[in-house]
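Beneath this line is the structure, given in C-alpha cells, with notes to follow.
The values are calculated or read from the model by the stated rules, or taken from the named source; none is laboratory data. Bear in mind the structure is a predicted one, so any value in this text is a computation, not a measurement. Heads up, the Cβs are rebuilt from the backbone with ideal geometry, glycines too, and the neighbour counts pull from every protein chain shown. Just the protein is used for accessible areas: all its heavy atoms, side chains included, with ligands, DNA and RNA removed. Shrake-Rupley method; radii C 1.70, N 1.55, O 1.52, S 1.80 Å.
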Amino acid sequence: MAREGILFGMGNPLLDITANCDEDFLKKYDLKTDNAILAEEKHKPLYQDMIDTYQHVEYTAGGATQNSMRVAQWLLGVPKIATFMGCIGKDKFGEILKQKATEIGVAVHYQYNDAEPTGTSAVLVTGQSRSLCANLAAANCFTKEHLDEKLHWELVEKAQFYYVSGFFLTVCPPAIQEVANHACSHNKMFMMNLSAPFLSQFFKEPLMAAMPYIDIIFGNETEAATFGKEQNLGEDDIKEIALKVVALPKENKARSRIVVFTQGPDPVLVATDGKVTEYPAIPLADKDIVDTNGAGDAFVGGFLSQLVQGKPIEDCVRCGNYAAHLVIQRSGCSFPEKPDFK
C-alpha cells in the first residue's frame, strides 16, 4: 500500500484558461495546433482577449506536474500520498489552484511570490487539437532555497519516487539537480518528461545535465523525434530513439533506465535493457474526444499511481492508458469523483 508522502513532484503550477477557438484566433497570436510554448510579449494580451472573445471559458488547475500529481492522488484515494512544490502568486488564481489540488488530496507546499501573479496557461482548443501558451509569471520564480528549508527538505527525504516535468527546466535546474542527486545517492526513483519539443531544442544543457539521473523518462512521439534529432539519435524510428535514450550514460547503475513514449491512438512504447515492448492504447472514436489537453499528464499520473504501489510496468501502462482515455473525454485535466480502474 502506498504511504503518505511517497511521491514527490516539482513543477510550474498554472491556472488553465480553456476556450474553443478558431484558426483565425490562433493566427492572430502566431500559435500552432498541438504545440506548447512559453508566452512572449506579443502573447500578453491573449489571456484577456480569450475571456472577452469567447463566452464559455473554463478555469482548471493546471501545470503538467501538478496535473500528474492530482491524477495519481485521485486514483490512489488516500490523502497526501503525493506532495507538490512550485511557486504561485498571492492572488485569487493562486487560491483556486490550491483549492483544486488540496480537495483531491495533494499536499501542496507552494512558494509564494509577492511581485508576480499566479501563472496562467491559455488552452486553445480547435476541434480535437489544442495549443498551449503558458505565461509562467510567479511559477518562474521558484528557488532552490524553498526546497532547502528544513520542513520542505524533510518532505524530499520522506519520498521514494520523484517526478519533474521538463517544463521546470526553464525555471530552476539547481532544484532539479538537488532532488536528482538525492534520489540517485539513496537508490530512489527519479523521473522526468520531455514535455515539449522546444525544451529539447533550447534547454539542452539542463536537460542533459539531468539525464544521467533519470530512471524513467516519458514523452510523446513528437517530443521523442525532436529529442532524437537534437541529440543525433535519428528522428524517424521512435523505437530506435527509445533504445538509444535507454543507453545514454546513467549514474545509478543499480537499475536500468526505462523509456516510455506515448503515440496518441497508437501503442505505447516501453524500452529498457535493449528491448522495446508495445502496449495498445484504448480505442476511442473521434466523436468522443473532447480535449486532448492533459492526456499526457494523466497518463503519467496513472502510471505513477501503480508504480508507487510496486505494481509491474504493464499495470503502470494500463492505468496510464485508462487515465488518459478518461481525461480526453472531458474538458481540461479533470476527472469524475471516483475512479473505476481495476
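Out of all DSSP beta bridges with both ends in the chain, state the antiparallel percent to the nearest 5.
The antiparallel fraction comes to roughly 35 percent.
Listed here are the pairs LYS32/LYS244; LYS158/LYS250; LYS188/LYS275; LYS188/LYS311; LYS204/LYS311; LYS188/LYS239; which of them are more than 21 Å apart at the Cα?
LYS32/LYS244; LYS158/LYS250; LYS188/LYS275; LYS204/LYS311; LYS188/LYS239
Quote the charge dipole size of the chain about the Cα centre in Debye, to the nearest 20; the model charges only the Cβ of Lys and Arg (+1) and of Asp and Glu (-1).
Numbers: 32 positive and 44 negative charges, 190 e Å.
The calculated dipole for the chain is roughly 920 debye.
Under a 10 Å cutoff between Cα atoms, tell me which one of LYS144, LYS27, LYS90 has the largest fluctuation in the Gaussian network model of the chain.
Its mean-square fluctuation being the largest, the pick is LYS27.
First compute the accessible area of segment 187-306 with a 1.4 Å probe, then give the percent of it belonging to carbon and sulfur atoms.
Of all accessible area on segment 187-306, carbon and sulfur atoms account for 51 percent.
Would you calculate the separation in nanometres between label points at LYS239 and TRP153, each defined as 7 Å from the Cα along the Cα-to-beta-carbon direction?
Reported label-point gap for LYS239 and TRP153 is 4.7 nm.
For a bin width of 10 Å, list the pair-distance distribution of segment 14-119 built from all Cα-Cα distances, rounded to whole %.
P(r) for segment 14-119, in whole percents per bin: 13, 40, 31, 15, 1.
Given the options GLU41, GLU251, GLU23, state which has the largest fluctuation in a GNM of the chain using a 10 Å cut-off (strictly under) for Cα springs.
GLU41
If I take all pairs of Cα atoms in segment 288-339, what percentage of them are more than 18 Å from each other?
Roughly 27 percent, rounded to a whole number.
Among VAL270, VAL317, VAL78, whose mean-square fluctuation peaks in a Gaussian network model of the chain (Cα, cutoff 10 Å)?
VAL78
Counting only Cα, what are the radius of gyration and maximum Cα-Cα distance Dmax of segment 186-254, in Å?
11.6, 37
How much accessible area per residue does the chain have, counting only protein heavy atoms and a probe of 1.4 Å, in square angstrom?
Result: 42 Å² of accessible area for each residue.
If you work out Cα extents along the principal axes in Å from the coordinates, which of (1) 54, 46, 41; (2) 65, 49, 41; (3) 57, 50, 46 do you get?
Comparing each candidate, only (1) matches the computed number.
Could you run the Karplus curve 6.51 cos²θ - 1.76 cosθ + 1.60 with θ = phi - 60° over segment 283-294 and give me ³J(HN,Hα) per residue in whole Hz, x for Gly and Pro?
Values, residue by residue: x, 8, 5, 3, 5, 8, 7, 9, 6, 7, 4, x Hz.
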